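As structure tokens, the structure follows; a few thoughts come after it.
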Amino acid sequence: MSSLTAYPRTACTRPGRTTREARRRGRALFGALLTLVLSLSAVTLGAAPASASDAYNSITSASAANTDWMSRVADGTSLSWLSVPGTHDSLALCGERDPRTGNCGGVATSITQTQENHGFSAKTLTTQFRAGIRALDIRVRLDKGDEGLKFTIHHGAAYQYANFTDVLNATRDFLRAEPGETVLLHLKAECDGGAFGCEDAEGFGTDEWRKKVFDSYLNGRSYTGKGDETTEATAWRDLFWAPSVTGSSQADRVPTLGEVRGKVVLMGYRATRGNIYDGYGIRQPYPAGGSNKEYVQDEYEVSTISDIAGKWEKVRAHLRRTNGTWDASRPGEKEYPYQPGALYINYTSGTGGGAHPYTVAGGTPTATGVNSFLRQCLRGDNGRCPEFHPGRGDKFGGRTGLDRLGVVMMDFPGGKLIDDIIGRNQTGGSTLRVMVVGDSMTQGHEGDYTWRYRLWQWFRDQRVPVDFVGPYTGTRPQDEPSAPQPPRLQGEPEPAPGPPRTSGDYARDAEDFDSDHFAVWGRQAAQDKTQIKEQVARYKPDLMLVGLGFNDMGWFVSDASGTLSSMKTLVDEARAVEPNLKFALANVPQRTKIDGRDDLIAKTTEYNRLLADAVPRWHTSTSPVALVDWRGAYDCAPAGCPAAYDGLHPNAVGEYQIAGAFGSTLHKEFHLGSSAPGFPTTAPPRPSGTPGNVRAVAADSGIVVTWDEVFGAYGYEVRSRPAGAPGWSTTRAFGNRLDSTWITEGQTWEYQVRADGGGTMSEWSGTVSATAHPKTAPGPVGIVTRPTPTGIDVAWGAPTGPYTDTIDRYGVITYDLDTPGAFIETIGTRDKALHFGNLKPGHRYAVAIQTWNKAGGGLPAAGRPVLVGAGTPSAPTGLKVVSTDPTTVQLNWTGSAQAAGYRVWIRNINDGSPSRAEETIAQGTNHGVAFLYPGVWNYEFCVTAVNGALESGKSHCVVAPRPAGS
């Protein structure tokens, strides 16, 4: 609430800064001027104060149990769910003080005072805390005194005989005595330098200095008033909840009570004219640079006693907004969405020329005060607030019940009213500790909301106190840009895996939430069953949500029954530590079909059947186990997957679906929440900006292309071409770098980049180019490949020429030509021969060898493909030659069962030359040959079948026919 009336401007310094006579003259002048102003303005003085009542001016009658009322509320309770009694202008006790008696009185006090006076120097706060008050409204003036630049407490021009250090001391002492409590602080710079207000110390009445002085309290450095010179002072930062006092950003979320016990939460720091400073407070109710009227009701102007009822209606309307209730006769109320996670502040205070603070709060013999209105509303007396009580009429709609009041900032609160507000809070019970165990679909990728976030929102909206637990907090970030690394040498131990990558952020507009988890990209049940005991012992969950199994079957770790066995072991190991642990185990979703992986579809179906049969057997009365139907809720199948961005991982809609599956099970089987989740079926597309700062630079390895990372991109597409070529080749990159290494000297290449937003692609970037001057070595020579029963033997000769003097190793590359989507495998060696084992008999493998020197990996040289487990192939048969034009032929033949490929032999029948074949290997049983001058009819063609170095004899040879008209 702003200054309540017009006061003559005054410096209003603290006691000790002026002489007693000067202070007496100042107070006399202030009172005389105030009386003059009031008379000239024809202001009607308010009625005499009402008698104390249960609702008004009886703070000491509050229950003694209120001293530690928050300690009986579960840790996981969000501050947004609470009903918190607070005081408006918490230390406005005096307008004019009699220098002889020390008592406050007169017209100035009747207009200025908003709270019962239980002692200056913030002693009144101790009484308020004991009564259950947990929200303060402190107004400060920046003063320059003996201790430098400090805050003194004011209401308008009236000094309140306390300073900010008094407030901090009183609050600290209370929280030390009652560490289960928290105090919510609303801070406001009071002096705007207006004609009838106070002004800050000369030369320091700026927003910059008001923030710097507040920071000086936090940091323990007191400004002397001589520029930025400081001296050591008490540091108060540890008293505050850290996210609310960063000085650089506001807290992104409303914390839970457990996070802030024993701390002061700075709700917001307001400037003199109502602006909100950035860097302090909680963004939702006090957004920096914006308006907080949506969440904060502070309509304080009450001109006359007859307007008190109007003020009450504003308080009542804000209660409806807080609880998702609406009055059809009030425009806009029905349309306002219920926000259970939002924190609301409701000021019951008011003042005006004809209604002083005590009148608005306590009423008169003919007018009910706001405090009494509020108590009647809470108790349902006199038909007050029918919208929150049984039997309400059709005029009202939305939710029923007055579940929460938010933060209620009052003048002269009565003890029983404080009791009634505190009584609205849910006490007893405990916070449910939840551990989420999963893989990439649960951890999520940078920029995702994740289904964990959507489930947290459901818990919050259902007012279920939860504490998510686990060793990690983030999503998986994008890959770090790095140069290609040499292949690991054969026989060299695999490097120990690094820590999981869990530093990724969530969607930009996601609230800061309780994101602790035990979910890791690529994780298997077979892995977690050996780690779960340690995690349960450390974090002591009450409930475990498990989404594992896909990677076990997808990566050939186990079949359906083996995966079920791993899941059972995980449950047993967790129970060994926490015998009463509850489990919600999810089945495994299908994904879009991968060529050659029909086995995965069958394994998933079988595992889900086995798990559904096993869950009732694993269930016990002390450690219940419930099945979560992820597969049924998630819109993903081999034929298509609208719920995923890549055929498996959830998009924004899919995240809702998975959260819905878990939430429905938790509601039905564990009776959590008043209703099962209801989630949207559509979501806006994921934003994906075009990569910027794209650069292509020649390097010793070839050409390196880099660009600025696009937040939330699932990867990037980079297209390239030789300069001037008509078509592009596209490559995928998972980080913001691509290395073009298989290129030759003097080639100029062009590049463009775009970001993949999962279902949406950004625009292509502008074109960049570079000319390659690689210093890599050429591939080896004389490559010989031979099949073995389960692998390939490869030998080769060392290359010669430039840059071969720094060769460190060779990389032998194989690729399974008969497995769709197979991965390229590379083994390193410093020898010139290698056996590549554990391959699939009957499968064809392509083979190539790459040299690695100090510049990197060079352009590979190809060897002949190999059919593992086969011998020398028989010669092809049925060769046919079709002349498609005078210089081009198409060959077709019947292949050999043991062939890995074929060589085409060509002989000019007119010059007596022998038949010759290139080392180019045809993979199929057809092949085209062009540029046969002076005409195809001058050439004879034969074919041999090869299996590495093993080669058949030639097929019968055929001369190409002369095309008609040639």
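The values are calculated or read from the model by the stated rules, or taken from the named source; none is laboratory data. None of the values given here were measured: they were computed from a predicted structure. Don't worry about glycine lacking a Cβ; one is built from the backbone with ideal geometry, like all the others, and counts go over all protein chains shown.
Some notes on this structure:
- Apart from one condition, T112 fits all of (1) surrounded by fewer than 20 Cβ atoms within 10 Å (Cβ to Cβ); (2) touching a strand residue (DSSP E or B) at 6+ places or on another chain (Cβ under 6 Å); (3) of a type in the set (S, T, Y); the exception is (1).
- Here is the figure for the range 698-744: residues that are within 20 Å of E480 (Cα to Cα), in contact (Cβ under 8 Å) with a residue 24 or more places away in the chain and hydroxyl-bearing (S, T, Y) total 6.
- Candidate set from the range 242-263 (those that are in a loop (DSSP other than H, G, I, E, B) and in contact (Cβ under 8 Å) with a residue 40 or more places away in the chain); member that is nearest to A177 (Cα to Cα): G262
- Restricting attention to the range 839-850, the residues that are assigned to a loop (DSSP other than H, G, I, E, B) and either under 18 Å from A795 (Cα atoms) or without any contact (Cβ under 8 Å) to a residue 12 or more places away in the chain (or both) total 1.
- For the residues R404, R463, the requirement of being under 25 Å from D327 (Cα atoms), among the basic types (K, R), at pLDDT below 95 and surrounded by fewer than 23 Cβ atoms within 10 Å (Cβ to Cβ) singles out R463.
- Filtered residues of the range 210-225 (kept if among the basic types (K, R) and touching a Gly at 6+ places or on another chain (Cβ under 9 Å)): K211
- Flag if P726 is modelled with pLDDT of 95 or more and surrounded by fewer than 17 Cβ atoms within 10 Å (Cβ to Cβ): no
- The range 915-933 - residue that is touching a residue at least 24 places away in the same chain (Cβ under 8 Å) and in contact with a Gly (Cβ under 7 Å, 6 or more places away or on another chain) and, of those, nearest to S883 (Cα to Cα): T925
- Matching residues, the range 137-159, being in contact with a helix residue (DSSP H, G or I) (Cβ under 6 Å, 6 or more places away or on another chain) and of a type in the set (F, W, Y): F151
- Failed condition for P616, given (1) more than 28 Å from the chain's Cα centre (by Cα); (2) of a type outside the set (D, E); (3) assigned to a loop (DSSP other than H, G, I, E, B): (3)
- Criterion violated by D739 - all others in (1) within 22 Å of G858 (Cα to Cα); (2) crowded, with 16+ Cβ neighbours inside 10 Å; (3) over 41 Å from the mean Cα position of the chain (by Cα) satisfied: (3)
- Looking across the range 823-838, just one residue is among the β-branched types (V, I, T) and assigned to a loop (DSSP other than H, G, I, E, B), and that is I824.
- Residue list for the range 378-426, filter: part of a strand (DSSP E or B), within 39 Å of the chain's Cα centre (by Cα) and within 21 Å of V84 (Cα to Cα): G406, V407, V408, M409, M410
- One residue from Y810, Y803 being crowded, with 18+ Cβ neighbours inside 10 Å, more than 19 Å from H835 (Cβ to Cβ) and not assigned by TED's automatic domain parsing to the domain that holds R732: Y803
- Residue count for the range 427-444, restricted to those that are closer than 20 Å to L581 by Cβ, outside any strand (DSSP E or B) and charged (D, E, K, R): 0.
- Here the condition is being more than 28 Å from the chain's Cα centre (by Cα), closer than 30 Å to A683 by Cβ and in contact (Cβ under 8 Å) with a residue 12 or more places away in the chain; of Q747, Q752, it holds for Q752 alone.
- The strands (runs of 3 or more DSSP E) located wholly in the range 885-966 that include 2 or more residues which are over 60 Å from the mean Cα position of the chain (by Cα) occupy 888-894, 901-908, 939-947.
- Inspection of the range 337-344 identifies no residue that is farther than 30 Å from T256 by Cβ and part of a loop (DSSP other than H, G, I, E, B).
- Screening V753 on (1) buried (at least 17 other Cβ atoms within 10 Å of the Cβ); (2) aliphatic (A, V, I, L, M); (3) over 20 Å from P484 (Cβ atoms) shows it passes everything except condition (3).
- When Y280, Y286 are checked against the criterion of being crowded, with 22+ Cβ neighbours inside 10 Å, in contact with a Ser or Thr (Cβ under 8 Å, 6 or more places away or on another chain) and modelled with pLDDT of 95 or more, Y280 stands alone in meeting it.
- The listed residue being of a type in the set (G, A, S), surrounded by fewer than 20 Cβ atoms within 10 Å (Cβ to Cβ), out of contact with any Ser or Thr (no Cβ under 7 Å at 6 or more places or on another chain) and in the same structural domain as T442 (by TED's automatic domain parsing), out of A699, A637, A643, A652: A637
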